[in-house]
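As structure tokens, the structure follows; a few thoughts come after it.
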Amino acid sequence: MTRLQATYEIESPVGVARAAEVIAGEQSTGTFIRLASETDDLRARSAARVEAVEVTGFSDHPALPCRLKADRYEQGRITLSWPVDTFGPSLPNILATVAGNLFELAEVSAIRLLSLDIPDSIAAACPGPQFGVAGTRALMGVETGPMIGTIVKPSVGLSAAETAALAGDLARAGIDFIKDDELQGNGPACPLDARARLVMQALDEAAQVTGRKVMYAFNITDEVTDMWRHLEMLEGLGATCAMVSLNSVGLAGLRAVRDRSPLPIHAHRNGWGLLSRSPHIGIAYPAMQKLWRLAGADHLHVNGLASKFTEPDDVVIEAARAVQAPVSDGHDHGALPVFSSGQTAWQVGPSADALGNDDFLICAGGGIMSHPAGPAAGITSFRQAAAAQAQGVDVRTYAADHPELAAALEAFEGAVTRG
């Protein structure tokens with residue numbers, strides 16, 4: 001494949017085929033009127049091309065406010081392609097091409113980017129994840145099984161010393177991974193420098209007892225030059241992970257971090273619902289996660305099964321599988337899917353079943369911290385749930401002689417009814 005392809009679900013007052021032509025023009029060589037300089041030769045070299053059009057239905061009203069009116073609004077799917085020479089491997093410009101002004105065109109009353117087919121030439125020119133699953137496992141010291149993580153809670157309000165004390169307790173309890181909440185950045189109430197210094201001291205002390213250093217993802221989200229400074233500071237302290245908020249720093253910011261980072265990049269997608277929640281406009285996760293992986297994300301959040309958020313389980317599963325799938329025909333650029341949000345021991349087995357492997361990180365706040373017997377028992381309950389799944393034993397049966405798991409299943413049974 002030598003062209004970048006994008007597939008969209010659309011609705012249009014002028015018909016799906018006509019809307020496809022308008023989008024192709026708007027997102028490449030055209031404008032609202034044919035220009036003298038837009039020669040046939042130029043169009044052959046540089047224009048977007050309509051590759052496929054499928055009409056799937058009709059509506060008697062527009063899904064979104066639309067200036068153009070019609071008796072019926074045609075619905076369908078279209079696939080467009082662009083020559084790579086137009087934008088090269090520049091991810092911000094690729095995003096402007098496949099998800100730019102097309103969302104505002106009067107000829108569409110709904111449009112959603114569903115998927116991207118990335119040419120190998122683009123994938124080869126982008127750095128991709130530096131650590132991925134294998135590098136993350138090595139740094140965590142977790143050779144097999146799901147990686148078990150948690151989030152510092154309360155999200156904000158703890159001092160640097162209080163955060164470090166909690167991290168040390170969790171490390172001694174046997175957690176694999178801890179992360180800052182995305183709301184905890186570098187504010188004066190809990191400065192990153194102080195937090196990182198005290199947390200790493202606590203983790204190093206815990207490692208002397210347990211024999212394993214817990215991975216802690218410090219939230220370095222900031223201006224680009226500040227993120228570079230934060231990375232240098234973390235490396236000097238012996239930290240093993242840095243977190244960024246993807247929708248805050250953008251593709252260029254993520255790439256800037258990747259180019260300077262000696263650590264895995266834990267990529268948090270907070271704000272994703274703004275781009276994805278509506279069925280009528282936005283971007284589907286399988287499309288966007290490819291760009292984030294190309295820019296260098298090692299870990300990518302995908303929500304969780306039966307989570308506290310609105311996404312149904314099938315969407316979460318599709319997202320997690322997408323993160324593990326090759327980004328192009330010739331380049332894997334595989335990343336680690338991160339299940340989170342309302343996760344408990346109930347979701348461990350189904351998550352592994354959905355992926356068909358255990359190469360994932362599952363992060364639980366309340367599901368670990370609120371275990372009736374305490375955080376250590378909460379962590380144990382997750383490992384027991386993973387063992388039950390690996391052995392093909394029903395989690396309830398396995399819990400009969402594993403009290404930590406039994407207590408978790410009883411305490412969090414309501415969680416499985418929410419998804």
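For the reader, a short list of remarks on this structure follows.
- Translational diffusion of the chain was estimated from the Stokes-Einstein equation, with Rh taken as the Kirkwood radius over Cα pairs; at 37 °C and 0.692 mPa s the coefficient is 143 µm²/s.
- Taking only Cα atoms of region 47-197, radius of gyration then Dmax in Å: 24.0, 66
- Nearby aspartates and glutamates by direct alpha-carbon distance to LYS69 (threshold 18 angstrom, same-chain neighbours under 8 apart not counted): GLU11, ASP60, GLU104, GLU107
- Each Lys or Arg adds one and each Asp or Glu subtracts one; over the other residues with Cβ under 12 Å from the Cβ of LEU198, this totals -2.
- Per residue, in Å², the accessible surface of the chain once ligands and nucleic acids are set aside, probe 1.4 Å: 42 Å²
- For region 138-144, Karplus couplings with θ = phi - 60° (6.51, -1.76, 1.60), whole Hz, Gly/Pro x: 4, 5, 7, x, 10, 6, 9
- Dipole magnitude (debye, nearest 20) for region 68-112, charges at Cβ of Lys, Arg, Asp, Glu: 160 debye
- Fraction of accessible area attributable to carbon and sulfur, region 169-283 (%, probe 1.4 Å): 51 percent
- In order through region 48-55: 3J(HN,Hα) via Karplus (6.51 cos²θ - 1.76 cosθ + 1.60), integer Hz, x for Gly, Pro: 5, 10, 7, 9, 7, 9, 9, 8
- Our summary of shape: the Cα atoms of region 156-284 have principal axis extents of 53, 29, 28 Å, ordered from largest down, in whole angstrom.
- Largest-first principal axis extents, alpha carbons of region 319-370, Å: 44, 18, 14
- Rounded percent of accessible protein surface that carbon and sulfur make up, region 304-354, 1.4 Å probe: 51 percent
- Computed over region 1-88, the P(r) tail beyond 19 angstrom holds 45 percent of alpha carbon pairs.
- A simple rule links phi to the HN-Hα coupling: the Karplus curve 6.51 cos²θ - 1.76 cosθ + 1.60 with θ = phi - 60°, which for region 162-176 gives 5, 4, 5, 4, 5, 4, x, 4, 5, 4, 5, 7, x, 5, 8 Hz, with x for Gly and Pro.
- Each Lys and Arg adds +1 at its Cβ and each Asp and Glu adds -1 at its Cβ; summed about the Cα centre, the chain shows a dipole of about 360 debye.
- Rounded to 5, percent antiparallel among DSSP beta bridges of the chain: 50 percent
- GLN391/THR225 FRET efficiency (R0 60 Å; Cβ-Cβ; nearest 0.05): 0.75
- Sulfur and carbon atoms: percent of accessible area, region 1-117 [1.4 Å]: 48 percent
- Rounded, prolate or oblate (a/c below 1.5 giving rounded, otherwise prolate when a/b exceeds b/c) for region 289-419 by Cα gyration tensor: prolate
- Set of lysines with alpha-carbon distance to LYS308 below 27 Å, sequence-local pairs under 8 removed: LYS153, LYS179, LYS290
- Over 17 Å [Cα-Cα, region 58-137], rounded percent: 61 percent
- Max-minus-min Cα coordinates of region 170-218 on each principal axis give 33, 17, 12 Å, with the largest extent listed first.
The values are calculated or read from the model by the stated rules, or taken from the named source; none is laboratory data. Values in this document were obtained by computation on a predicted structure and should not be read as measured data. Using ideal geometry, Cβ is built from the backbone for each residue, glycine included, and neighbour counts are taken over all protein chains shown. Heads up: the accessible areas ignore ligands, DNA and RNA and are worked out on the full protein's heavy atoms, side chains in. Shrake-Rupley method; radii C 1.70, N 1.55, O 1.52, S 1.80 Å.
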